[in-house]
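This report concerns only the one structure given below.
The values are calculated or read from the model by the stated rules, or taken from the named source; none is laboratory data. Everything numeric in this text was worked out from a predicted model, so none of it was measured. Because the Cβ atoms are built from the backbone with ideal geometry, glycine has one as well, and the counts that use them run over all protein chains shown.
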Amino acid sequence: MLLISSLKDIHVTWHRVIKMPDLTSHMSGFKYSDIHKIIYPRRHEGIYKNRGDNPWVSVRIRQGVGRDPSKWFTDQLRTLAEVSRRYGDGRVMLGTRGDVEIFKVNYRLFDEVVSRLKAVNLDPRDSCGNSVRNPIPCPSNHCPLAQVNAEALSKFIGDYFRYKAEYEGPSAMPHRFKISISACERACAIPVAQDVGIVAKGRDTFDVYVGGGIGEHAFSAKLMFSGVKAEDLLPIIVGAIEVFKREGERRGFKWVVAKYGIDRVRSMILDVAGKVKQTLPAPDLSPRFINTRLIKLHYPTGWVESSELERIADIAGKHGLGYVILFNNQTIYVPVRVMSSELNDVEVKDPGPFSTEGPTTVACIGSELCPPGLINTTSLGSRIHIHLKGTNRPIRIGISGCTHDCGMSWVSDIGLEPYGFKTRILITLGGGPTELGYVVGTIDPMDAEQAVDLILNMYVESNSQSITEFISRVGVDKVREVLAMRIPSFKAPDKSISSVFGPN
Ligand code: SF4
Ligand code: SF4
C-alpha cells in the first residue's frame, strides 16, 4: 500500500512537468475530457489513456537505449511480471512492434513505474504518441537466411532518435513514424506497412520502401530507393523525417508521399540526406547467426499473465540463453541449444523465417481498454483461434478494434477491422509482408466468427498450403459468393468501400 505522502510527491512531479489541474481531491478518477491536458502531452513517454472515466493508463515499454530491441532478458521478464501485478491488472500485452504494454496503471504512478522499469534497462520512451517508434528488426540473429544484422541496424537507428527533443512530442513531430528492418528479401518485418521499410538485398545493399501505413486509409509502401549502402540508410531516414516535419502533415507521412508523388519526395529526402550524411556514422551490420532451436509460445490476442511471464523466464534461464525474442506476431520465442524432457509439451521451431508462422491470431487491445475501440478483439480473437488451430497450416489472422488497425489486419492472411459509421467489419484476405490484403466485403460484427470459419473451411478444402495459393486457386469472388450465400449481413464491396484505401 502506498503512503499518501508518496502519492503527493508524484503528483508534484507531474504538476511541474505539465501544469496539471489539482485532482487529488477526487482520486477515484478523472473526466475523460481532461485527457488532452493530462496525458496527451506525455504520450511520447510511453503513456496512453485507458478507456473510461478512471485514472488508468497503459505503459508501453521498449528496450532501453543501446540494447537490442528484440531481446528481453529473464530479469526484465520478472520485473514486467512484478510491475504488472503491483501497478497494473496482472497481465501484459505483447504488441506488434516488439513492445510490451501494461494496463490499468494509476496515471499518478507513471513516473514510479518508469523508474522501476529503467532499473532493468526497460524504457517506455518513444513507444507511443508522436515519436520515432521502435524500428522493428526481423529476428536475424536467429535466422540462417539473414544477410545483415537487422537487430544491430535497429539499435543504431532507434538510438539516434531517442531522447531527442526534435524527434518526440506533439510540438516536434506531426505524427508517429514507423520503421522496420528485414535482413533478407522474405521481408518478415512487413515493409509494406511502414513509413520506412528497409529490406537487405545481399550483404552490401538495401531496398528502402517509403510511405506505407495501415489504419484509417491503407497505403502500400513504395520502393523509393534501391542499391542503398548501409551508411546512407540513416541519412535517408533523417531526410524523410525532416521532410515530414516540414510538411506538418498530421495524418501521417504516407499522405506527404501521396501528395507529392514518389519522385518529388525522393528528391526532397535526398536533399536533406546529402546535408546530414557527413555527420552520421555508418553501422557495422555483419550478420551474426546464433544457431539454436526456438521454443515458440504464441499468445493469441497478445495477453500474457504475469505468472506465465515468470514461467517463461524460468525456462529461458534454465534451458535457454537467458533471453527471449519478441517480434511482430504476439509470440515469444525462447532460444534453446538443447531440448530437455521437461520441455516435451512445448512447440519448437528451427531457426529460420518468421513469416508466416501459424496458426497465429494477432489482435489489438480493442474495446476492453482502448478508448476508440469498437469491438472486443480479445473475445473475438480467442473464439476465432479455436477454428484456426484446426487448419494446422501457416496462417495469420489480424483483428483490430478500430480503423487505426493496430492488429495489422491489412497485412494478415485474413484481416478483420471495424469500418464505417454503423460499425461493420471489413474482411481482407491475402495480406502479407509485401502487400496489403484484398477487400472481400463487410459483415455485421456478430457474424465475424462465422465468416472466418467459412473462409478457413474453403482454405482447407482447397488443399492449398498458403492463403496466397488459396486465392489464386479459388479466387476472392468465390469467397464473396459463399459468404453472401451463408451470411445475410455480408455485403460485397461497393463505392463506399473506396474510403478505406489511400488515394493510389
Ligand atoms: S527470412 Fe525473415 S527473419 Fe530470416 S532474415 Fe529474412 S526477413 Fe529476417
Ligand atoms: S486499432 Fe483502435 S482499438 Fe485497437 S489498439 Fe489501435 S486504437 Fe485501440
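Please go through segment 143-172 and give me each residue that is closer than 16 Å to Tyr48 by Cβ and either buried (at least 20 other Cβ atoms within 10 Å of the Cβ) or within 15 Å of the chain's Cα centre (by Cα) (or both), ordered by number. Walk me through it before giving the result.
Of the residues in segment 143-172, the ones closer than 16 Å to Tyr48 by Cβ are 168-170.
Correct list: Glu168 only.
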> Is it the case that some residue within segment 127-142 is surrounded by fewer than 24 Cβ atoms within 10 Å (Cβ to Cβ), under 26 Å from Ser412 (Cβ atoms) and without any contact (Cβ under 8 Å) to a residue 60 or more places away in the chain?
Replying inline: no
Picked from segment 191-226 (must be in contact with a strand residue (DSSP E or B) (Cβ under 8 Å, 6 or more places away or on another chain) and within 16 Å of ligand 2 (Cβ to nearest atom)), the residue farthest from Thr403 (Cα to Cα) is Ala193
Expected single match for β-branched (Val, Ile, Thr), modelled with pLDDT of 95 or more and not in a helix (DSSP H, G or I) among Thr79, Thr96 is Thr96
When every residue in segment 343-368 that is acidic (Asp, Glu) and touching a residue at least 12 places away in the same chain (Cβ under 8 Å) is compared, the one nearest to ligand 2 (Cβ to nearest atom) is Glu368
Of the candidates Ala258, Ala230, the one satisfying the condition of being closer than 29 Å to Leu374 by Cβ and touching a residue at least 12 places away in the same chain (Cβ under 8 Å) is Ala258
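Quick one: is Val59 among the aliphatic types (A, V, I, L, M) and either without any contact (Cβ under 8 Å) to a residue 40 or more places away in the chain or surrounded by 22 or more Cβ atoms within 10 Å (Cβ to Cβ) (or both)? Full working, then the answer.
On the way: among the aliphatic types (A, V, I, L, M): yes; either without any contact (Cβ under 8 Å) to a residue 40 or more places away in the chain or surrounded by 22 or more Cβ atoms within 10 Å (Cβ to Cβ) (or both): yes.
Spelling it out, Val59 is indeed among the aliphatic types (A, V, I, L, M) and either without any contact (Cβ under 8 Å) to a residue 40 or more places away in the chain or surrounded by 22 or more Cβ atoms within 10 Å (Cβ to Cβ) (or both).
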Considering residues that are among the β-branched types (Val, Ile, Thr) and in contact with a Phe, Trp or Tyr (Cβ under 9 Å, 6 or more places away or on another chain), the number found within segment 483-504 is 2
Among strands (runs of 3 or more DSSP E) completely within segment 343-429, the ones holding 3 or more residues that are buried (at least 20 other Cβ atoms within 10 Å of the Cβ) and in contact with an Asp or Glu (Cβ under 9 Å, 6 or more places away or on another chain) are 396-399, 424-429
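When you scan segment 447-469, how many residues do you find that are assigned to a helix (DSSP H, G or I) and free of Cβ contacts under 8 Å to residues at least 24 places away in the same chain? Break it down stepwise before answering.
Let us first name the residues in segment 447-469 that are assigned to a helix (DSSP H, G or I), namely 447-461, 467-469.
Filter again for free of Cβ contacts under 8 Å to residues at least 24 places away in the same chain, leaving 457, 461, 469.
Of the residues in segment 447-469, 3 are assigned to a helix (DSSP H, G or I) and free of Cβ contacts under 8 Å to residues at least 24 places away in the same chain.
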Of those in segment 196-242 that are in a helix (DSSP H, G or I) and surrounded by fewer than 21 Cβ atoms within 10 Å (Cβ to Cβ), the residue modelled with the highest pLDDT is Glu242
